[in-house]
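Chemist: The following block contains the structure, expressed as structure tokens.
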Amino acid sequence: MPAYDAADVAAQTTAGNDTELTKFNKDFRTEYIRENEFKPYMGGNKTANIIINHRELVKGGKEVQVPIINQLRGGRKGLATLVGNEGKMFADTYNARPVYVRDAVTIRVDQKQKSFIDLLRGRKHVLKMKASDLLTEFIMEGLRSVGSDPLLFDIENAVCENIIYELAAGGVLDAWNTANPYRVYYGADDANRTAGNHAVSLAALGVGDVPSAALLDKLRSDAMARNFVSGPTARSAMRPVQVSGMREKFVLFCGTKAFNLFKADPIIRENYVHASRTGEGKNRLFQGGDTILYENVIIKRVPELDLFEPSATVGHIYFCGAHALARAVGSDLKSTKRAEDDYQSIDGVGFQELYSVEKVFFSDKNVDEATPPLAQFGVIDCFVTLT
């Protein structure tokens, strides 16, 4: 005979919904926010970093002027009279003006009392990640800049002077195209570019203009190319960077879609196979994930850049050398506390920084001394096909 039957089970006492015991995990979960992807490329060394921290404003001031000296050009000088025939050196400055970056969280005393999770610890965590997230946003805005406009500066809403690509008028993009024949590319084919017309150049992209090893070869060689003449054909070279003690390299930032196409390129895939055969595959840059190394070009995936592609079929990638972006620092990150606490019933903490991140442009007087074009100093913007 069984110890119990169906009638016994039906007669057992059960707890009502209001008396059920619910266990709560006192830890908490948050949305995933990755560490700042640009941090390894940021520092104070003017020749070894892509994003340069300028700290001149920490002791006070409105804006910092970034000096740029152009290459000395002109003909050869022999024993002919030199007085009155000296070479002309052009110097320019690019201004960067920081804005205040702040946020805060408040918790009322009753919420701290009744909450089963540690709201105070959670608050510190989300504020820290928000500060990191905002720096990433500022850097991406700097990369997408096509110029600067002081009228855009808005200290109330933390808006810098960057003219952001997707918000720029057609005429501004056309002027950017005209001023940067060696810093704005449309795929690997030079024929795609129509001088003075960004929209037409973009429409010329074809199936052969996908992210590839051939495109990297072109960008790298063009970044290093320079000449010795002055006038419309004058061009200056970009300075490479040194990352983590490695040889001189360039760094390309792109979204996930473009990154996957680079990774699928047969030449780049063969490069990985060769690395594994020779033992170089142990290098962290050959371990997959979010970084690819090809011919001294580091391809760095920044997934958030996918949010700002020109269209579903057109990508925007950024080939960077030294001093591509300037970060003007007025004050470092510090915690803040709410002064008005309503007789200690409201607890509020936050953070505050003063900085901006802006793409470095310079007036290239070697091209035209009277009306110099506003050229990008350390970035090649390249548009690619994503299909």
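The values are calculated or read from the model by the stated rules, or taken from the named source; none is laboratory data. Being a predicted model, the structure only gives us computed values, none of them experimental. Here the Cβ positions follow ideal geometry from the backbone for every residue, glycine too, while neighbour counts run over all protein chains shown. Protein only, heavy atoms only, side chains kept; ligands, DNA and RNA dropped before computing areas. Shrake-Rupley method; radii C 1.70, N 1.55, O 1.52, S 1.80 Å.
Chemist: Suppose we keep only residues that are free of Cβ contacts under 8 Å to residues at least 12 places away in the same chain and part of a loop (DSSP other than H, G, I, E, B) within region 220-241. Which one would you say is nearest to K46 (Cα to Cα)?
Modeler: My answer is N227.
Chemist: For L202, indicate whether it is surrounded by 19 or more Cβ atoms within 10 Å (Cβ to Cβ), at pLDDT 90 or above and either under 21 Å from the mean Cα position of the chain (by Cα) or of a type outside the set (F, W, Y) (or both).
Modeler: The answer is yes for L202.
Chemist: Next question, about the same structure. Report, by residue number, each residue of region 330-381 that is of a type outside the set (S, T, Y) and touching a Cys at 6+ places or on another chain (Cβ under 9 Å).
Modeler: Across region 330-381, the qualifying residues are V357, E358, G378, V379, I380.
Chemist: If you don't mind, another one. Taking into account only those residues within region 242-270 that are part of a helix (DSSP H, G or I) and aliphatic (A, V, I, L, M), which is most open to solvent (accessible area, probe 1.4 Å)?
Modeler: I267
Chemist: Checking the structure you have, find out if any residue of region 52-65 is at positive phi and exposed (fewer than 12 other Cβ atoms within 10 Å of the Cβ).
Modeler: Taking every residue of region 52-65 in turn, at least one turns out to be at positive phi and exposed (fewer than 12 other Cβ atoms within 10 Å of the Cβ).
Chemist: Only residues in region 137-161 that are at positive phi and open to solvent by less than 70 Å² (accessible area, probe 1.4 Å) count as the first member; pair them with residues that are modelled with pLDDT of 95 or more and in a helix (DSSP H, G or I), Cβ under 7 angstrom, at least 6 apart or cross-chain, and list the lot.
Modeler: If the second residue must be modelled with pLDDT of 95 or more and in a helix (DSSP H, G or I), the pairs left are G147/V172; G147/W176.
Chemist: Of the numbered conditions (1) in contact with a helix residue (DSSP H, G or I) (Cβ under 6 Å, 6 or more places away or on another chain); (2) open to solvent by 30 Å² or more (accessible area, probe 1.4 Å), A339 satisfies every one except a single condition; which is it?
Modeler: (1)
Chemist: Let me ask something else about it. Quick check: anything in region 166-173 in contact (Cβ under 8 Å) with a residue 12 or more places away in the chain, crowded, with 19+ Cβ neighbours inside 10 Å and touching a strand residue (DSSP E or B) at 6+ places or on another chain (Cβ under 8 Å)?
Modeler: yes
Chemist: Can you list the helices (runs of 4 or more DSSP H) lying wholly within region 92-182 that have 2 or more residues being within 30 Å of K300 (Cα to Cα) and modelled with pLDDT under 90?
Modeler: The helices (runs of 4 or more DSSP H) meeting that bar are 119-143.
Chemist: Kindly indicate whether T313 is polar (S, T, N, Q) and either buried (at least 18 other Cβ atoms within 10 Å of the Cβ) or closer than 26 Å to F259 by Cα (or both).
Modeler: So T313 passes the test.
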